[in-house]
Amino acid sequence: MTFSLVLFDLDGTLLDSDAALMAPYVALGVRPEDVTFGHVVADECARLGLAMDDYLDRYDTEAASPYPGAPELVAGLGRWAICSNKVRRAGVAELTRLGWRPELAWFAEDFGGAAKHLGPVLQALGSPPLDEVVFVGDTPHDRRCAADAGVAFALAAWNPRATSEPGDLVLQHPSDLIESL
C-alpha cells in the first residue's frame, strides 16, 4: 500500500499525553484508575461528574510531549491532517507550540461536540481516493473511524496502551509509516 494522505489522531498517537490529560482530573479529585482515554472530554467529564470548564482550566497545553520520531515524521510528510476528540483550544495551542502545520486540524467542536469521524474530514480535504488514505491512531474508536470511512488503519503501537487487531497496519515507531508513503 502507498498512501498520499495521512490522517492522525493526536493524543496517544502523535502526543504522549496521558499524564497531561490525567492531571486535571486528579486535580479535581478523581482517582487515576477511574479515568479512561480516547473519549470526547465533555463525555468523560460528564461521566465523572465534572464541569468541562473546570477540567479545561487545569489542562496544561505545555505538558504533552511528542512521541520520539513524531516531529521528524510530520516534518517529512506532504499531505497530513489531524482528526481528534480533543477540545480545539487545547489542540491548536499544542500544534502551535510544536510548530506543526497540518493541512487541516479538526477537533471535538468540528463534530458538534460528538466523537470524531472521518467522513467530513475527508470531504473537507477534497474527497481523496480512499485507497490512498491512512488513519493513524491508538484506540478501538480510531480503528472504527477508519473502517467506517473505508480507509486503511495504522496502529500507533509506540503507545504502550495500543493493542493490535487482525488487519491493522502495526507501526512500532513513527518512522515505520514512511515506508508506506
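As a test of the formula, what do you get for the chain when each DSSP H run with n ≥ 4 contributes -39,500 (n - 2.57) and the sum is divided by the residue count, at 222 nm and rounded to the nearest 500 deg cm²/dmol?
Numbers: 7 runs with 58 residues, N = 181.
Helix contribution divided over all residues of the chain: -8500 deg cm²/dmol.
How big is the gap, in Å, between the Cα center of region 9-85 and the Cα center of region 130-155?
Cα centroid to Cα centroid, the span is 19 Å.
Could you line up Thr139, Thr61, Thr2 from fewest to most neighbouring Cβ atoms inside 10 Å?
So the residues, fewest neighbours to most, are Thr2, Thr61, Thr139.
What angle, in degrees between 0 and 90 and rounded to the nearest 10, separates the Cα long axis of helix 140-149 from the longest principal axis of the Cα atoms of the chain?
40
Using unit Cβ charges (K, R positive; D, E negative) and no other charged atoms, how large, in debye to the nearest 20, is the dipole of the chain about its Cα centre? Before the final figure, lay out the partial values.
On the way: 13 positive and 27 negative charges, 49 e Å.
That gives a dipole near 240 debye.
What order do you get for Trp80, Trp106 when you list them from fewest to most C-beta neighbours inside 10 Å?
Fewest to most other Cβ atoms nearby, the residues stand as Trp80, Trp106.
Please give the FRET efficiency for Asp57 paired with Glu165, using the beta carbon to beta carbon distance and R0 = 35 Å, rounded to the nearest 0.05.
Details: r = 37 Å, r/R0 = 1.05.
The calculated FRET efficiency here is 0.40.
Only bridges with both residues in the chain count here: give the DSSP antiparallel percent, nearest 5.
Bridges in the chain are about 10 percent antiparallel.
Ranked highest first by the average count of other Cβ atoms within 10 Å around their residues, in what order do 143-152, 85-94, 68-77 fall?
Values: 143-152: 17.8, 85-94: 19.9, 68-77: 16.2.
Ranking the peptides 143-152, 85-94, 68-77 by packing returns 85-94, 143-152, 68-77.
Among Met22, Ala75, Met52, flag the residue with its Cα farthest along the positive direction of the charge dipole of region 1-95, charges on Cβ as +1 for Lys/Arg and -1 for Asp/Glu.
Ala75
Compute the signed sum of charges (Lys and Arg +1, Asp and Glu -1) over the other residues within less than 13 Å, Cβ to Cβ, of Asn85.
Net of charged neighbours comes to -4.
Each reported figure results from applying straightforward, stated rules to the coordinates on display, with no laboratory input. Just so it is clear, the model here is predicted, and its values are computed rather than measured. When we count neighbours, we look across all protein chains shown, and the Cβ atoms used for this are built from the backbone with ideal geometry, even at glycine.
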